[in-house]
1. What are the ³J(HN,Hα) values, in whole Hz, obtained from phi via the Karplus relation 6.51 cos²θ - 1.76 cosθ + 1.60 with θ = phi - 60°, for each residue of the range 15-32 in sequence order, with x given for Gly and Pro?
2. What list do you get for D311, D247, D93 if you sort them by fewest beta carbons within 10 Å?
3. When the chain is fully extended, how far beyond the present Cα-Cα distance does K171 get from T193, taking 0.36 nm per residue of separation?
4. Which number do you get for Rg(Cα) / (2.2 N^0.38 Å) in the range 50-186?
5. HN-Hα J couplings of the range 141-150 from phi, Karplus 6.51/-1.76/1.60, θ = phi - 60°, integer Hz, Gly and Pro as x?
6. Relative to the longest principal Cα axis of the chain, at what angle does helix 104-115 sit, 0 to 90 degrees, rounded to 10?
7. From the C-alpha gyration tensor of the range 1-99, pull out the three semi-axes of the equivalent ellipsoid (sqrt of 5λ each), sorted largest to smallest, in whole Å.
8. Only bridges whose two residues both fall in the chain count here: according to DSSP, what percent of them are antiparallel, nearest 5?
Amino acid sequence: MVRIVVTGGAGFVGARLARELLKAGTLSAAGAPPQPLSTVTLIDRVPVPDDLAADDRVAAIRSEITEVTPEMLAGADVIFHLAAAVSGESEADFDLGLSANLRGTEVVLAACRTLGTAPVVVFTSSYAVFGGSAEHPMPPVIVDQTPPNPQTSYGTQKAMLELLLADYTRKGFLHGRAMRLATVSVRAGRPNTAASSFLSGIIREPLAGVRSVVPVPPETEAALASPAKAVAALIRAATATDEEWGDNTAVTMPCLTTTAAEMAVALERIAGPEVSALIDWVEDPVVAKIVLGWPARVQADRAARLGLTPDPDVDSIINRYIAESKIQLSRTDSW
């Protein structure tokens, strides 16, 4: 039997990850033979979704990430650490980012060490660890050997934690796997305070009949991953053998490179001009500076060797969101 813990388990990605794990019913932890799930423990500061709370295999714990104890993680074979303050709020509130991201993760890793069982720990890092500066400009294409050079507080915190996770792994306290996620789009639900939130809002809000503000120029490139691809990357990080994973450094997941304008065109192609007309292009220099500092083109060879692939196009991302959200389009032609 396999016991799994997901921090941030009530969030969009955390809840989706939990559902995928429960649907599969088994997990191969670090290449071991697949075992049935015994318990999926979801730790979050807010209640978990009703469907997860109703599953008798789910245990929900209400806790701030800085207050996680070894007892909450006891018996865990795999820990997915997703709890974090997102990019926009980490930049706006330095102390919040330090507390939720840096100190919160330090607490989780220390608790894992106390267990003495060396669990697999999958840490959600981010493309935000990359960036460009005068002496170290960002290359046109990020490769596995590109060193982090974060230009935001959020990216800096993620880069520091990648190193800390690698050192915990080197010392044998746990089996750490850091997966650098691209911007997840389309996220269901309400907008969050991530600087990248508009990359979901540009699709989600117009489909709901609500106006959406895009704070970057239309030609701005972005690296996207659908929720399904992001969850698949996290699960693959948990199941990879040490030999498959390679060394202790983070793996950068594959992405679909597109632009805000291409997303708007794809939305019009699928849902019609009356829907895409709900997009307003109003540049916000603060958000634009953050987003333009992130990489948009990645050659993810390590991830490819793990069998991970990017989404084929924006249309597939939008169509999947529509299908999963059960959105009924007003147009009569098929999609």
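1. So the Karplus estimates, Gly and Pro as x, are 5, 5, 4, 4, 5, 5, 5, 5, 5, 5, x, 9, 8, 9, 7, 6, x, 5 Hz.
2. On the way: D311 20, D247 9, D93 15.
Ordered by Cβ neighbours within 10 Å, fewest first: D247, D93, D311.
3. On the way: separation 22, 0.36 × 22 = 7.92 nm, distance 3.57 nm.
Stretched fully, the K171-T193 segment lengthens by 4.3 nm.
4. Working: Rg = 16.2 Å, N = 137, 2.2 N^0.38 = 14.3 Å.
That ratio works out to 1.13.
5. Rounded to whole hertz, the list is 10, 7, 10, 4, 8, 5, x, x, 8, x.
6. Helix 104-115 and the main axis of the chain meet at about 30 degrees.
7. Values: eigenvalues 127, 40, 32 Å².
After diagonalising the Cα gyration tensor, the semi-axes are 25, 14, 13 Å.
8. Bridges in the chain are about 15 percent antiparallel.
All of the numbers you see were taken from the coordinates with simple rules; none came from a lab. These numbers come from a predicted model, not from an experiment. Don't worry about glycine lacking a Cβ; one is built from the backbone with ideal geometry, like all the others, and counts go over all protein chains shown.
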